[in-house]
Amino acid sequence: MIEAGDGVGGSRPGTEGAVTEAPDGQGGPSFRGPLVVRTRSELAAALARAPRPLGLVPTMGWLHAGQRSLMVRARAESATVAVSIFVNPRQFGSPSDLERYPRSEARDLAICAEEGVDLVWAPGVEDVYPAGFDTSVRVGAVARPLEGAARPGHFEGVATVVAVLLGAIRPDRAYFGMKDAQQLRVIARMATDLALATVVPCPTVREPDGLAMSSRNVHLAPDERAAAAVLHRALLAGRALRDAGEGDAETIRTAVREVLATEPLANVDYVSLADDGSLEELDRVDGPALLSLAVRFGATRLIDNLAV
Ligand code: AMP
């Protein structure tokens, strides 16, 4: 745990509910929540006092059980757990998408406190991209298909912000969710190529009906939310076909589309069955592959995937 002291310049949030009584009966709070820093210099001062190894969980906030699972994993493996909370304007295709992204810092800090996070970097846009910032990170082939094709510039924005986060925080390990499977591959490629950090993939956390947890789920109307359970059902149908010995990729993709077609509110962007490493579309499946999809429910676009 990092103690706030001279030169750190951070603050601790009021985290009612997360503060517990000391187990020794002395009555004082035993945990005061994470140290919250904003500027790069506050961050550097806090990091100088942080015990290693340091695990980082990068997030855009509006935290849910998915990101919590990353914090739990980081906590188990790190002397210091840092979380970044930054809604990165560079990775949004439209101003309205950025505008409607849900935000609540007080709620996020309470969750970080519950998960035993030591340090939160919650920078402003000008702290991440100071005046004169003029660098962009573009990852090659793995960033091109699927989300890269559907959302031009998205992965360049993601890679650039993650390069800043990893460069400024210099974690030993950085934790990312398999829910965003292509993002995970893009970041792992970059982190290896630029010698930035070890990337740790973490399994997707789902709602009881199979819907992958996502900050975007909050935008679903009740009927859309119910309909969205079809995504996991469709992926499971595809995987079951593969498990039964089907090797023709298009047959599997078609079976997934057929399940999605049973749900009138689902508008399919793509269904992909691709090589697990390169994400190139397959004709035949004879090794590890990624079954993934992007589907719109009203104005909300959801992605999900399963390894097959
Ligand atoms: P976000 O705040 O949406 O950028 O997500 C922060 C991190 O949490 C990313 O590495 C995501 O892949 C991961 N994540 C998001 N949703 C889930 C989930 N349902 N299960 C596991 N990890 C997730």
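The values are calculated or read from the model by the stated rules, or taken from the named source; none is laboratory data. Being a predicted model, the structure only gives us computed values, none of them experimental. Using ideal geometry, Cβ is built from the backbone for each residue, glycine included, and neighbour counts are taken over all protein chains shown. Note: areas computed on protein heavy atoms with side chains; ligands, DNA, RNA excluded. Shrake-Rupley method; radii C 1.70, N 1.55, O 1.52, S 1.80 Å.
Among the residues of the range 209-223, write down those that are open to solvent by less than 30 Å² (accessible area, probe 1.4 Å) and either free of Cβ contacts under 8 Å to residues at least 40 places away in the same chain or within 12 Å of the ligand (Cβ to nearest atom) (or both). Lay out the reasoning, then the answer.
In the first step, residues of the range 209-223 are kept if they are open to solvent by less than 30 Å² (accessible area, probe 1.4 Å); the result is 210-212, 214-215, 217, 220.
Matches in the range 209-223: Gly210, Leu211, Ala212, Ser214, Ser215, Asn217.
Identify all residues within the range 236-262 that are in a loop (DSSP other than H, G, I, E, B) and open to solvent by 50 Å² or more (accessible area, probe 1.4 Å); write none if there are none.
Result: Ala244, Gly245, Glu246, Thr262.
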Every residue in the range 224-234 that is within 13 Å of the ligand (Cβ to nearest atom) and not hydrophobic (A, V, I, L, M, F, W, C), please. His232
Among the residues that make up the range 148-164, is at least one of them under 20 Å from Asp276 (Cβ atoms) and surrounded by fewer than 19 Cβ atoms within 10 Å (Cβ to Cβ)? yes
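With the range 52-124 as the region, which helices (runs of 4 or more DSSP H) entirely inside it contain at least 1 residues that are within 18 Å of Arg216 (Cα to Cα), within 11 Å of the ligand (Cβ to nearest atom) and open to solvent by 40 Å² or more (accessible area, probe 1.4 Å)? Explain how you work it out, then say what you get.
On the way: elements: 65-77, 95-99, 105-114.
The helices (runs of 4 or more DSSP H) meeting that bar are 65-77.
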So Arg296, is it in contact (Cβ under 8 Å) with a residue 24 or more places away in the chain, open to solvent by 40 Å² or more (accessible area, probe 1.4 Å) and part of a helix (DSSP H, G or I): no
Quick check on my filter: what residues within the range 224-235 are among the hydrophobic types (A, V, I, L, M, F, W, C) and crowded, with 16+ Cβ neighbours inside 10 Å? Ala227, Ala228, Ala229, Val230, Leu231, Ala234, Leu235
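Considering only the range 175-201, state which residues are more than 23 Å from Leu273 (Cβ to Cβ), touching a helix residue (DSSP H, G or I) at 6+ places or on another chain (Cβ under 6 Å) and either within 11 Å of the ligand (Cβ to nearest atom) or assigned to a loop (DSSP other than H, G, I, E, B) (or both).
Initially, the range 175-201 is screened for residues more than 23 Å from Leu273 (Cβ to Cβ), giving 175, 190-200.
Subset that is touching a helix residue (DSSP H, G or I) at 6+ places or on another chain (Cβ under 6 Å): 175, 190, 196-197, 199.
Across the range 175-201, the qualifying residues are Tyr175, Leu196, Ala197, Val199.
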